[in-house]
Amino acid sequence: MESRQEIAENLQAHGVLPTPQRLEVAELLLKRPQHLSADQIIEKLRADGSRVSKATVYNSLKLFTNKGLIKEISVANRRRFYDSTTHAHHHFYHVETGELTDIPVESVRMLDLPPLPKGTEEDGVEVLIRVRNKQI
Ligand SMILES: [Zn+2]
């Protein structure tokens, strides 16, 4: 686990001013590889006795995403998760539990990609595999 000092340096390295509130949000999310929704983050912060406002959490997540410190993953129905792992990887999304699990990038092989729209270049391919429990 990164120390508060290391997290502050990490924020600065991404051009984010490490205010105490941002540090609280960053510390919670970056302490391990995980995927959390904004509501889950707020819930965990409250459980830890934090008083960071909802708006500050949302603003911090937006800023962290824009600065490449975390990754935003959209799943069905406008649900959004924030991923502390920013390098390229894929996900399983369990539609019943709402849980996201990482898939290493090398275990998905893309064979046929369509031609890209005119005047564009590829900016990455990320796969989200939706799963559900087997019906018995
Ligand atoms: Zn992930």
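The values are calculated or read from the model by the stated rules, or taken from the named source; none is laboratory data. If you're wondering where the values come from, they're calculated on a predicted model, not measured in any experiment. Please note: Cβ atoms are built from the backbone with ideal geometry, for glycine as well, and neighbour counts cover all protein chains shown.
Key figures
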read-out	value
Yes/no for Val95 being away from the ligand (no atom under 11 Å from the Cβ) and either closer than 30 Å to Ile7 by Cβ or touching a residue at least 24 places away in the same chain (Cβ under 8 Å) (or both)	yes
Residues of region 54-109 satisfying the condition of being closer than 16 Å to Leu23 by Cα and more than 12 Å from the chain's Cα centre (by Cα)	Lys54, Ala55, Thr56, Val57, Tyr58, Asn59, Ser60, Leu63, Lys67
Qualifying residue in region 29-37 (condition: away from the ligand (no atom under 16 Å from the Cβ) and either surrounded by fewer than 16 Cβ atoms within 10 Å (Cβ to Cβ) or modelled with pLDDT of 95 or more (or both))	no
Asp112 being charged (D, E, K, R), more than 13 Å from Ser37 (Cβ to Cβ) and within 11 Å of the ligand (Cβ to nearest atom)	no
Those residues of region 55-72 which are in contact (Cβ under 8 Å) with a residue 12 or more places away in the chain, under 19 Å from Ile42 (Cβ atoms) and surrounded by fewer than 16 Cβ atoms within 10 Å (Cβ to Cβ), in sequence order	Tyr58
Qualifying positions in region 68-91 - near the ligand (Cβ under 10 Å from one of its atoms) and within 23 Å of Gln135 (Cα to Cα)	His91
